Amino acid sequence: MWPTPVTLTGTHVVLAPLSQDHAADLADAASGLEGLWYTKIPSPEGVPAEIDRRLALQAKGSMLPFTLLTPSGRAVGMTTYMNIDAANRRVEIGSTWISPETQRTGLNTEAKLLLLAHAFDTLDCIAVEFRTHAMNHQSRRAIERLGAKQDGLLRSHAIMANGTLRDTAVYSILPHEWPAVRANLTARLARPQS
């Protein structure tokens, strides 16, 4: 199986293999994130089922899910390598959500740095992809701040739970872009967080 579960440790965040041991903290973290129609974040009571769903996709080889932990060990969100294409050494970083109080801190920036470093430096990926709803402007700006380039827009790509059609914005980072992206993320982490 490629990639295999791993723990990635930084200063602001630890990315640990997702497990039901994190369910109670994750349910607390999901509180206050309800009502975002353009993204899928589990309700607090839906967290255990979402953990099971992600672990089932891991068992099939299409996802490697992580829990985002604070340095003190409190679970504050989830992220994944998803749409894994082992034959072509490609992964997508996605299905990410973090608690409201950890947004706009170094936690998510460092999580992306750790995931990208592992993808390019250890897994030797030829591309790392990001996808988001075209209407999720906050996510699109965050992806662009990483240094990812937009590949295109997949129109009417998926049917959302509320019946609307999702246009999906697709971005990627390639190996030759990774050194500049790493320098950008490292510099961002060195600045005081607001």
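The values are calculated or read from the model by the stated rules, or taken from the named source; none is laboratory data. Quick caveat: nothing in here was measured; it's all calculated off a predicted structure. As a convention, Cβ positions derive from the backbone with ideal geometry for all residues, glycine included, and neighbour counts pool all protein chains shown.
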Within the range 144-183, restricting to residues that are at pLDDT below 95 and in contact with a helix residue (DSSP H, G or I) (Cβ under 9 Å, 6 or more places away or on another chain), the one that is surrounded by the fewest Cβ atoms within 10 Å (Cβ to Cβ) is ARG145
The condition of being among the hydrophobic types (A, V, I, L, M, F, W, C), without any contact (Cβ under 8 Å) to a residue 60 or more places away in the chain and closer than 25 Å to THR122 by Cβ holds, among LEU15, LEU68, only for LEU68
ALA86 fails exactly one of (1) aliphatic (A, V, I, L, M); (2) modelled with pLDDT of 95 or more; (3) touching a helix residue (DSSP H, G or I) at 6+ places or on another chain (Cβ under 6 Å), namely (3)
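Would you mention how many residues in the range 113-143 are of a type in the set (D, E, K, R), surrounded by fewer than 18 Cβ atoms within 10 Å (Cβ to Cβ) and more than 15 Å from VAL6 (Cβ to Cβ)?
So in the range 113-143, the residues of a type in the set (D, E, K, R) come out as 121, 124, 129, 131, 140-141.
Those still in the list that are surrounded by fewer than 18 Cβ atoms within 10 Å (Cβ to Cβ) too: 121, 124, 141.
Remaining after also requiring more than 15 Å from VAL6 (Cβ to Cβ): 141.
Number of matching residues: 1.
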Going through the range 35-71 in order, the residues found to be modelled with pLDDT under 95 and of a type in the set (S, T, N, Q) are THR39, SER43
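Matching residues to (1) more than 21 Å from ASN136 (Cα to Cα); (2) surrounded by fewer than 21 Cβ atoms within 10 Å (Cβ to Cβ); (3) out of contact with any strand residue (DSSP E or B) (no Cβ under 8 Å at 6 or more places or on another chain):
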| residue | (1), (2), (3) |
| --- | --- |
| ARG53 | yes, yes, yes |
| ALA59 | yes, yes, yes |
| SER62 | yes, yes, no |
| THR67 | yes, no, no |
| THR80 | no, no, no |
| ASN83 | no, yes, no |
Flagged in the range 140-194 as under 14 Å from ALA117 (Cβ atoms) and outside any helix (DSSP H, G or I), in numbering order, are GLY147, ILE173
Evaluate the range 30-38: report whether one residue or more is small (Gly, Ala, Ser) and within 24 Å of LEU114 (Cα to Cα). yes
Inside the range 78-117, the number of residues satisfying the requirement of being closer than 14 Å to LEU68 by Cβ and either in contact (Cβ under 8 Å) with a residue 12 or more places away in the chain or assigned to a helix (DSSP H, G or I) (or both) is 25
